[in-house]
Each structure stands twice: as C-alpha cells, then as structure tokens.
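The values are calculated or read from the model by the stated rules, or taken from the named source; none is laboratory data. The model shown is predicted, which means the values in this text are computed figures rather than measured ones. Ideal geometry is used to build each Cβ from the backbone, glycine not excepted, and the neighbour counts take in all protein chains shown. Remember, those area values only see protein heavy atoms, side chains included, never the ligands or the DNA or RNA. Shrake-Rupley method; radii C 1.70, N 1.55, O 1.52, S 1.80 Å.
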Amino acid sequence: MAGTSRIEINQSALIHNLTFLQNYLGQDVKISSVVKANAYGHGIEQFVPIAESAGIDHFSVFSGDEAHRVFAIKKPQTGLMVMGWMNDEDLEWAVQEGVEFFVFEMEKLEAALSYAKKYDTRAVIHLEVETGMNRTGFSQQTLHKVVKIIRANESYFRVRGLCTHYAGAESIANHVRVQKQIKKYNRIYKWITNRGIHPELRHTACSAAAITYPRTRMDMVRIGILQYGFWPSPETFIHFVHKRMEKSEVLKRVLSWKSQVMSIKKVKPGEFVSYGTYYMAQEDKTIAIVPVGYSHGYSRSLSNQGRVLIDGHRVPVIGIVNMNMLIADVTQVPDVKKGDEVVLIGDQDGVTITLASFADFNNQLNYELLARLPLDIPRQIINQ
Ligand SMILES: *Cc1c(COP(=O)(O)O)cnc(C)c1O
C-alpha cells in the first residue's frame, strides 16, 4: 500500500442499503442522497456512480467545492443541491448550470436573482425556513419580503423546495422541540402557498427524522448516515426495530479501513506505553505499532478505548493515539508479524470492528470519524 492505510468501499453493501431505503420509504418519497464531507469519508467519486446505478437521482452537498466534484461525475439528469455555503463565483455557476441551492438570506436571494437575469434563466432555489434550530433559515418576518421578490420576478425563479432541518431528531430529549418544528414548518408551508408560491418539494427530514417521525418524510428526505450503513443513534435503531418482527440489523457497513503492522516490540511489567502515563503494562506485553494516528483521522478520543483487528483477533488500542501512529496490544495474538493486516474499521476472518462499537461513549463519533477520514487516503471499490 502506497499510503499508510487504505479505504475499501463495498459496492454490493451500498446497493443493498439504498435498495432497502427505497423500499422502506416507498415510491412517493424521493431520496436525496447526502454526500457532503466527501460522502461521509467514503469518497464522492467512488460513491456517486454506485448510488446512481442503484437508482438515486438526487444528491445533496454542503458547499460549492463539493458540488463541483459531484457535478463533474453525475449523470446530466441527476439533481444536485447545495445546502450550505457558496461564494459568489459558485453561486453564479450554480444558477447558470441549474444546480439547486438552499436560500436562507436576502443577500443570497438577491444575488441569485441578478445571476438569473444575467443568464436569462431561472435560479432553482429551495427556501430554507427557520423553525426552531436557530441556525440557517428565513424567519417568518423576512419571508414576507422573500415572497414579494419572488412574486415580482417569477420568470427568474423556480421554487424547487421549501425546507427546514431538525435540531436533533436522533434523541428523544429533543422530542418536544422537533414536534414544534414540524408544526411550524407546516404552518409556513400553508402560509406561503396561500401567497401564491408553490414549492415543488416539501423536505425536512434527515435520517433520524425519516425513521422516527414518519410525517417529516413529506415529498423528499435528505438521507446521509443510513446509506453508509450506520444509525444516527442507538435510539433511532431501537425505534426502528421496535415495530418489526425481524429484530436484526438491516443495513450493511460500506466502508472498511485497513493498514498494517509497522513494528513489533516487547514491553516489561511496570513500563508505560506511548506518551505520558495513560497506559502501564501490568505483565509482559507484546505491542504492535500501526502507522495511523489522529492526523489520518483516527480520533485521539479512542486512546485506551479503540479496538483494531489483527490476525482475526480483536485487540485494544493502548495509550494515547499519536499524530501518525497508534499502538495495539497483541500479547494474545500468536505469531504476529510486521506487515500483517490491521483492520481499523471492517471485517477480518469473521470478526468485525464497527464504528458503532465506539458509539456507546459518543453517539456523534460515527459522523465525526467518517467525516474526518482524510481525502488523500486511497479509496478502492470492492465487491463482496
Ligand atoms: C447532513 C444533513 C442531512 C443528513 O443527515 P443524516 O443524519 O446523515 O441523514 C440532512 N439535511 C441537512 C440540512 C444536513 O446538513
């Protein structure tokens, strides 16, 4: 391997997940496949063509740079939506190319209008409304002005959607807040249609909302984490299996992350391993050094917590995770050798390391660990 590790993308697992989601949500709900953060670390260039082959015809990204990457490889008829940041240049490009985007500020609406006039086209916009998350989205007062501008320039806008985002649908603690958001969204939808604006798609749900609150599905859902084979939180999974006869996992993990043993060493009882005093050997230990650290996306919070697979054994990560290396306790692994495969995420000889096995101490770690997998780790598509 050229780099210190590689990522494998399991094509059939991905197609399985997308097919499951399409069947589960039904034909009336369009899926926008969320591929921000380099397709949650899976690789936009690897992910998008496979998703299209499974019937996905709409993608969502956060920013202009991600949009350019999807645009370069997607089929011409596939929809593309930018949910967050674009500079003026990106916005001009989006208007010109018919790329869809969230509008949540007057400045952006006005800029979109001027580009639409410049190219004598329609800006394809999704109006994002504030319902209680207090992040982005038009407030009800500002919407009055928005409606006026759109009504006065109807040949320059296509109002593709009316959208909002929930403030934590993956946790029951936010139940009341989410319910309020749903109500508020529905009120705004009615209000805006009464004023002559008819958004083509109502969309509010991320993965957690789509599972836990079916009425948030509306016309389209923006599904990220589920496609990759992860649940937004244990609660979401529990909610999902609660009403099913079949209690087992329905999703398959798509990504594996592999490295190899770089060096092996013996440690005597009483010795500390890695920086500081976080780990002391209680007995004779054999340790394996793996050339993956937090600069490669292996979170420092997995110090003394993570597990990796070596020669079919699940072994603990001991001591502090370094910038470029981690250390595994391989005392129980017979005949471990330099160059042996190390699985950081994925399967080896029937044993599995899932990101979710860390989720017990941090729900958000799945998202964070995936999203932080560096762009320069090579991605390879496999079929299993
Ligand atoms: C990231 C994101 C999603 C997808 O979230 P998941 O929990 O991964 O399904 C949906 N909508 C918006 C606005 C997002 O930023």
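Before moving on, here are some points about what is shown:
- Based on C-alpha pairs under 8 angstrom that are at least 6 apart in sequence, the stretch 34-108 has a relative contact order of 28 percent.
- Stokes-Einstein diffusion coefficient of the stretch 54-93, Kirkwood radius over Cα pairs, 20 °C, 1.002 mPa s, in µm²/s: 205 µm²/s
- Only one residue of 189, 203, 174 has its Cα farthest out toward the positive end of the dipole of the stretch 167-209, where Lys and Arg carry +1 and Asp and Glu -1 on Cβ, and that residue is 189.
- Cα centroid separation - the stretch 148-192 against the stretch 114-128, whole Å: 20 Å
- Taking a Cβ cut-off of under 12 Å around residue 310, the surrounding Lys, Arg, Asp and Glu residues balance to a net charge of -1, with basic ones at +1 and acidic ones at -1.
- With a cut-off of 13 Å between beta carbons, the residues surrounding residue 298 carry a summed charge of +3, where Lys and Arg count +1 and Asp and Glu -1.
- Solvent-accessible area, 1.4 Å probe, carbon plus sulfur percent, for the stretch 151-301: 53 percent
- Beta bridges per DSSP with both ends in the chain, % antiparallel, nearest 5: 45 percent
- Extension gain from residue 252 to residue 335, taking 0.36 nm per residue of separation minus the Cα-Cα distance: 26.7 nm
- Extension gain for residue 314 to residue 149 (0.36 nm times residue separation, less C-alpha to C-alpha distance): 53.4 nm.
- Net lengthening on full extension, residue 53/residue 106 (0.36 nm per residue, minus Cα-Cα): 15.3 nm
- Separation in nanometres of the label points that stand 7 Å from Cα toward Cβ, at residue 142 and residue 117: 2.1 nm
- Long-range amide H partners of residue 220 with built H, under 5 Å: 30, 202, 204
- For the chain, the longest principal axis of the Cα atoms and the long axis of helix 11-25 meet at an angle of about 40 degrees.
- With the largest listed first and rounded to whole Å, the semi-axes of the equivalent ellipsoid of the stretch 254-305 from the Cα gyration tensor are 23, 14, 9.
- Solvent exposure of the chain as accessible area per residue, Å², 1.4 Å probe: 45 Å²
- Around residue 213: net Lys/Arg minus Asp/Glu count, Cβ-Cβ under 13 Å: +3
- Considering only the Cα atoms of the chain, their convex hull presents on average a projected area of 20.8 nm².
- When you count the other C-beta atoms within 10 angstrom of each residue and take the mean per peptide, 375-382, 341-348, 84-91 line up highest first as 341-348, 84-91, 375-382.
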